[in-house]
Amino acid sequence: MAQSERESVTIDALATIDAPAPVLSISSSSNLSFGKVSLPGTGIGYCRYRIGPLGEMSSVTDGQPSSGTTCAFQDSGQAAGRVAIQCQAGETVSFSYEISSPLQNQQIGFQITSADIGFREAEPAAPSSLCSGGSALLDVGGELTISSGAVAQDNAVVGRVTLDVFYGSPQCNCD
């Protein structure tokens with residue numbers, strides 16, 4: 001009777017168990033508000049109102065007003081918009097945006113530039129920020145232009161900013 005031989009081999013089951021993906025939640029904590037503003041008076045081509053991301057305000061009157069009326073903010077209802085982003089500390093948060101005008105009115109225009117939007121914790125108008133303390137704040141300003149011939153509106157949505165927020169691991173700029 002022949003004796004049998006036996007050998008063994010082991011196959012390991014491998015897996016990397018990663019931490020759960022960070023949860024990103026965003027909410028608009030305040031809207032961009034121009035408050036009450038003047039319509040262009042006689043002799044004025046347009047009024048331009050600007051609110052910066054840190055709440056700075058300016059207005060421009062185009063033309064020579066015949067009645068002495070200029071374009072001006074009329075109350076204290078102005079504020080930059082703010083978005084609160086809940087994120088995992090250490091993650092890089094960035095954004096892209098689109099603007100639209102629900103009013104569809106040729107005499108009322110709304111626009112923003114890259115200088116009008118940015119993270120509060122980063123350099124002004126920075127397109128990305130490192131999430132610290134589990135949150136990041138994104139401030140949004142913009143410019144409202146009202147041309148001659150516009151009619152009075154009460155609490156109208158003169159523009160809309162749609163934000164897409166992205167997050168990921170910090171980028172290494174290793175030298």
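The values are calculated or read from the model by the stated rules, or taken from the named source; none is laboratory data. Since we're looking at a predicted model, the values are computed, not measured. Just the protein is used for accessible areas: all its heavy atoms, side chains included, with ligands, DNA and RNA removed. Shrake-Rupley method; radii C 1.70, N 1.55, O 1.52, S 1.80 Å.
Where the accessible area of the range 1-111 is counted over protein heavy atoms with a 1.4 Å probe, how much of it, in %, is carbon and sulfur?
Working: 3720 of 7660 Å².
Roughly 49 percent, rounded to a whole number.
On alpha carbon coordinates alone, what is the Rg over Rh value for the range 1-150, Rh being the Kirkwood radius?
Numbers: Rg = 27.6 Å, Rh = 19.1 Å.
Computed over Cα atoms, the ratio is 1.45.
How much area per residue is accessible in the chain when the probe is 1.4 Å and only protein heavy atoms are counted (Å²)?
Details: 11360 Å² over 175 residues.
About 65 Å² of surface per residue is accessible.
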